[in-house]
1. Would you work out if the stretch A:127-255 is rounded, prolate or oblate? Take a ≥ b ≥ c from the square roots of the eigenvalues of the alpha-carbon gyration tensor; rounded if a/c is under 1.5, else prolate when a/b is larger than b/c, oblate otherwise.
2. Report, ordered by chain and residue number, the aspartates and glutamates lying within cross-link reach of residue B:8, taken as a straight Cα distance under 20 Å and ignoring same-chain residues fewer than 8 apart.
3. Just to verify a number: FRET efficiency for residue B:22 and residue B:136, C-beta to C-beta distance, R0 = 30 Å, to 0.05?
4. Size of the dipole of chain B about the Cα centre, Lys and Arg at +1 and Asp and Glu at -1 on the beta carbon, nothing else charged, in debye to 20?
5. Which value at 222 nm does chain A reach when only helices count, each DSSP H run of 4 or more adding -39,500 (n - 2.57), with the total divided by all residues and rounded to the nearest 500 deg cm²/dmol?
6. Could you pull out which residues in the stretch B:111-147 have an amide N less than 20 Å from a spot 7 Å beyond the Cα of residue B:171, following the Cα-Cβ vector?
7. Check cross-link reach from residue A:178 to the lysines: straight Cα distance under 29 Å, and skip same-chain residues fewer than eight apart.
8. Can you give me the three principal axis dimensions of the stretch B:1-143 from its C-alpha atoms, in Å, biggest first?
Amino acid sequence: MALNHIKLIFLLSLCTLSIASYQFIFVNFDFFSFAMQLRLPKLLAMCVAAFCIGYSSLIFQTIINNTIVTPCLLGMNALYLLVHVSLVFIFGMGSFIVTNTYLAFICDLLVMTVVASFVYSYIFKKTKYNVLYVLLIGTVMTTMFTSIQNSLIRAMDPNDYDALLATLTASFSNINIKIISICFVLCLVLYFIFKKDIAKLDVMTLGRHNAINLGIDYDKTTKRLLICTTLYIAIATALVGPISFMGLITTNIARTLFKTYKHSILLSGSVLIAILVLITGQLIVEHIFTYSIPVSVFITIAGGLYFLYLVLKQSKGNI
Amino acid sequence: MILKNLSKSYDGKFVVTDVNLSLPENKVISFIGPNGAGKSTVLNMISRLHKKDSGQIIFKGKELENWDNNELAKNLAILTQHNNIQSKITIKELVSFGRFPYCQGRLKDEDEQKVIQALEYMELLDIQHKYLDELSGGQRQRALIAMTIAQDTDYILLDEPTNNLDIYHSSRLMKLIRSLCDKLNKTVIMVLHELNYASFYSDIICVFKQGRLEKVGNPTEIIQHDFLKEVYQVDFNISHIDGKPLCIHF
């Protein structure tokens, strides 16, 4: 559809505008390169995180065939934090696995992938993709993962805890810049690894039966895409910390804006909206609220209300 | 298609027990039987939607599991009752998905033609650009059937195709199924609840009860008072129209 492409281009230009203004607004030209040095990694991190969240949430929704569930609502980022804390808990802060940022990150990703694909595919199978159950279990799991994480922290050596805190509380004002390059590369690699599976998403929107009927190996593809989602969420959480409802906002705005089933368009739309929301939000936070309120607070409040609206709207039909 | 000792159980309870069946080509075959008789489960196993526990399904001389998924999709199409499609998708786009096994989403002229043909068959041409969520249950069902037709397979499996359809559309559908078989040499296997549709439009009827295959035969052999009474536990009144048995059970 030509109309959708025009909308995409419009979104793209808005994104470019917000990126440019974030990067160059109020720059003191006497210290130009210094300002760039400060702002560029942050900008890059936000773009990578936005890509991860926008991309993976939409994939996840198609797998589970519902538009109000996102990986974050099912506790994926809580799981990531738990994995990270457990790693420190088991090996101690002095261990080379933890001190080497890259190694720690890779370990986190590996453990996360194994645990998440096991846990979530088990839950999906047991509940037969019943969204209400999945959502309920997800909420419980979020709490459970967070509680286990808290217990571990309490039982931890105070020195370890102190050091851990610095890496654990990634947020928009404290972006984990050390791993930005590896995250960027990983995103690209993942994109190409899972490209073939992503191409099957259009057919998978028709549901399990129709997808199998049309020759898709549904169960295998679902598993692969679940791993893909998990990795992207882990990357985003490692970079900027957990932002619940972000995925919900981007995917649903994308679906309302582009009335189509085509994932090539929906995915681009979702990613662009994520970038736009994050960067514009951060711009406002930095220059209007002068860092007094982090952008994730706005996103959570707006997203929470939006979530309620969507649930109430959908419950007229069936969830 | 040949089924040998086909069985399936859920939680230790057999829903399909030891089904042996040889289905000829170019026929309309109906599965009938009371609720929970296992007829849908058999259909789902034939179409690889459900895994079988034991037994063999031999399709075109090759065991079903050994088929390549995409190749199988060109030979066998299934339409079930579970269709919860949430995406914004128009009828034409849905029907175009029927061509996916052939073109992986990039439609050529030939595919386009088949899509139009299928839309025509199901009288959907005038509403082809409507979104699926704006349709009534019957229109949706017709759109899904059109997708199955566009898939252009030798075997078409339908799980209660007349569900949601009014009398006009269900009798039209049955006539269409007949012509798919007679003119285009397709094999249609379907689960039906209406005995008279089965009697009037199928060549072979397979009767299931409690997971077992009770009887296979042509309509005259199956639609018999004592046999049906035993299967359904309901009294039937059987008469004949145009040489075909008609049963009434009110």
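Since every read-out is calculated from the coordinates, none of them should be taken as a lab result. From a predicted model like this one, the values you see are computed outputs, not experimental measurements. Here Cβ is always computed from backbone atoms with ideal geometry, including for glycine, and neighbour counts include all displayed protein chains.
1. Details: a/c = 2.41, a/b = 1.64, b/c = 1.47.
Prolate, because a/c is 1.5 or more and a/b exceeds b/c.
2. Leaving aside aspartates and glutamates fewer than 8 places away in the same chain, those within reach of residue B:8 are A:219, B:18, B:53, B:63, B:65, B:159, B:214.
3. On the way: r = 39 Å, r/R0 = 1.31.
FRET efficiency, residue B:22 to residue B:136: 0.15.
4. Values: 30 positive and 32 negative charges, 66 e Å.
The dipole magnitude comes to about 320 debye.
5. Values: 15 runs with 248 residues, N = 319.
Estimated from H runs of four or more residues: -26000 deg cm²/dmol.
6. The answer is B:121-124, B:138-139, B:142.
7. A:42, A:195
8. For the stretch B:1-143, the Cα spread along each principal axis is 47, 32, 27 Å.
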